[in-house]
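Novice: The structure is given below, and queries will be raised subsequently.
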Amino acid sequence: EATSALSLPPGDYTLRTLSDDAVRVWVNDSLVIDHWTPHETAPAYASLRGGSHRLRVQYVQVSGWVELRLDVLRGRVRRSEGSAGPH
């Protein structure tokens, strides 16, 4: 589990996780990404507005490949399932 604070200029943003096995993300104590069932590498998304925010991320590694990434992207990002097959 990790926590942090984030301050963004006004506008629309997208939180994106890329995880392999399970991840949850809270913004200001609200659960915004709940991808808690073990899975192979997969993205998950949540909208975010500019301003000051508290972040909390939980991650669980079950076995095999380890991957956790949290990106803050400017604008509203279209969802993509990514490429087929292992990464």
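Novice: Report in % the part of the accessible area of the chain that belongs to carbon and sulfur, leaving out ligands and nucleic acids; probe 1.4 Å. Spell out each step's value before the answer.
Specialist: Numbers: 2790 of 5550 Å².
Here carbon and sulfur together make up 50 percent of the probe-accessible area.
Novice: Find the centroid of the Cα atoms in region 30-49 and in region 2-21, then give the distance between the two in whole Å.
Specialist: 11 Å
Novice: Take every Cα-Cα pair in the chain and report what % of them are more than 18 Å apart. Display every interim value, and only then the final one.
Specialist: Working: 1574 of 3741 pairs.
The share of Cα pairs beyond 18 Å in the chain comes to 42 percent.
Novice: Another one. I need the peptides 15-28, 40-53, 61-74 ranked by packing, meaning the mean over residues of other C-beta atoms within 10 angstrom, with the highest value on top.
Specialist: 15-28, 40-53, 61-74
The values are calculated or read from the model by the stated rules, or taken from the named source; none is laboratory data. All figures in this text were calculated on a predicted structure; none of them were measured in a lab. A quick note on method: Cβ atoms are made from the backbone with ideal geometry, for glycine too, and the neighbour counts reach across all protein chains shown. Accessible surface areas use protein heavy atoms only, side chains included; no ligands, DNA or RNA. Shrake-Rupley method; radii C 1.70, N 1.55, O 1.52, S 1.80 Å.
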